[in-house]
Amino acid sequence: MVTQASPLAERGRDSTLEPVIEARRLTKRYGARVAVDDLSFEVRPGEVFGLLGPNGAGKTTTVLMLLGLTEPTSGEARVVGVDPMRDPLEVKRHVGYMPDTVGFYDGLSARENLAYTARLNRIPRAEAAERISDLLAQVGLAEVAAQKVDTFSRGMRQRLGVADALLKDPSVLILDEPTASLDPEGVVELLALIERIALERRIAVLLSSHLLDQVQAICQRVGIFYRGRLIAEGSVRDLASEGSRTQDVVEVGAQASDGHPAGVDLLTAALRGTPGVASVAPDPDAPGRVLVTGAPGIAGALTSALAATGLHPVHLRTHEERLDAIYARLVHAAAEAPAAAPEGRTVSLAPAPRRSIRRAPGRAGHRRPERSDQDGGNADRSNRDGGDHDRGDGHDHRDDDAGGPR
């Protein structure tokens, strides 16, 4: 399925706003193996940031560190200004989290499941009832609110999961593989819902996925993971212009000296011998034009070649590189030269400043509290499904990079 970039994905982020997610040199090791290596990035309100990489690349480990569910070996993070390791309960008050597999009580209705989450979060009954009705309408489940969840499709469960994550009115929404196992129609519906939430609520969304076209559809910025490292970060346009791009594809149309369209044969003859041109072929979508494949930045040379043969260019457009091609190119470059990147071994096209993260007042020195489902207004689906994945025994019990369930 090819998903077109949405207006949200093309909209620039507001750099004047303070980031609500900050990671600085986060590292997670399991013995000699590094699951996440020197990770730095930030997300601002109203922005959708995509963590892109294959299963086992380090995405879920990163999410768990941001939630305070697994401790980093080194580095630091702040979520809404709070250190997840020092005060995970405070982080949970402000973060809605939807894991890749959302757990609900099948014998309860959609409304009853959300009411249960509201009670765990100690949301007053009247306020909870109003929020639940609004959220069920927002995710398109108002008409089936009284139905038991065991009758729901996978897509309906995922939409209910989004409502559950939004119930506490969070500042940050973290979605781990939200479209996993959905059919194409379900994917389109869920991505549209996530886009609408980010636009209307102006909350920061961190979306972890291995599905490239879906990330490109709604994310303003993308971080590409490879073997635990963030090898590139920026908008799709920034990543496409990064220096290791190997070729451009340019649409070309021109007029002859008499003002008539030049046509495919004249264009081909004029451009085929241009230095840097690899191929010239008819454009299947535009009769009379050609597609020229050549070295990056070839468009200028094509203009000169047309002028030299008496042709006047009337159409010259370089195709924007798709995210799947960008991903393959950058991963190949990282595999060929794993030690070539600068400080932190991370190539960042929109680098976050290297600085210490602000500490929330009065939090330094606080001991990490014990967690339970009755955690004073911080329960979410990760709690219900055994959400404390770091049980104090030195091992993480739910981690995609440690062999745990995904």
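The values are calculated or read from the model by the stated rules, or taken from the named source; none is laboratory data. None of these values were measured; they are calculated from a predicted model. Because the Cβ atoms are built from the backbone with ideal geometry, glycine has one as well, and the counts that use them run over all protein chains shown. Ligands, DNA and RNA are stripped out before the accessible areas are found, and what is left, the full protein with its side chains, is counted by its heavy atoms. Shrake-Rupley method; radii C 1.70, N 1.55, O 1.52, S 1.80 Å.
Within region 16-27, residues that are without any contact (Cβ under 8 Å) to a residue 60 or more places away in the chain and among the aliphatic types (A, V, I, L, M) have Cβ atoms under 7 Å from residues that are in a loop (DSSP other than H, G, I, E, B) and open to solvent by less than 10 Å² (accessible area, probe 1.4 Å) in no pair, counting only partners at least 6 apart in sequence or on another chain. On the basis of being open to solvent by 50 Å² or more (accessible area, probe 1.4 Å) and over 21 Å from the mean Cα position of the chain (by Cα), does Asp183 make the cut? No, not satisfied.
Of note, Asp38 satisfies the criterion of being at pLDDT below 95, acidic (Asp, Glu) and in contact with a helix residue (DSSP H, G or I) (Cβ under 8 Å, 6 or more places away or on another chain). Listed by first and then second residue, the pairs linking a residue in region 252-263 that is under 24 Å from Val277 (Cα atoms) to a residue that is charged (D, E, K, R) and open to solvent by 70 Å² or more (accessible area, probe 1.4 Å), with Cβ atoms under 8 Å apart and 6 or more places separating them unless they lie on different chains, are Val252/Arg289; Gly253/Arg289. I'd like to check something: does region 289-298 contain any residue that is assigned to a helix (DSSP H, G or I) and either modelled with pLDDT of 50 or more or surrounded by 13 or more Cβ atoms within 10 Å (Cβ to Cβ) (or both)? No: zero hits.
Identify the residue in region 271-287 that is under 14 Å from His315 (Cβ atoms) and buried (at least 17 other Cβ atoms within 10 Å of the Cβ) and, among all such residues, is modelled with the highest pLDDT. By that ranking, first place goes to Leu271.
One residue stands out among those in region 307-347 that are modelled with pLDDT of 60 or more and β-branched (Val, Ile, Thr): the one that is least open to solvent (accessible area, probe 1.4 Å), which is Ile326. Against the condition farther than 27 Å from Phe152 by Cα and not basic (Lys, Arg), how does Thr117 come out, does it pass? The answer is no for Thr117. Here Arg229, Arg202, Arg221 are screened, and the one residue that is open to solvent by 40 Å² or more (accessible area, probe 1.4 Å) and under 25 Å from the mean Cα position of the chain (by Cα) is Arg202.
Given the structure, is Val162 in a helix (DSSP H, G or I) and crowded, with 20+ Cβ neighbours inside 10 Å? It is true that Val162 is in a helix (DSSP H, G or I) and crowded, with 20+ Cβ neighbours inside 10 Å. Check whether at least one residue in region 207-216 is within 25 Å of Arg93 (Cβ to Cβ) and open to solvent by less than 50 Å² (accessible area, probe 1.4 Å), and report yes or no. Looking through region 207-216, at least one residue is within 25 Å of Arg93 (Cβ to Cβ) and open to solvent by less than 50 Å² (accessible area, probe 1.4 Å).
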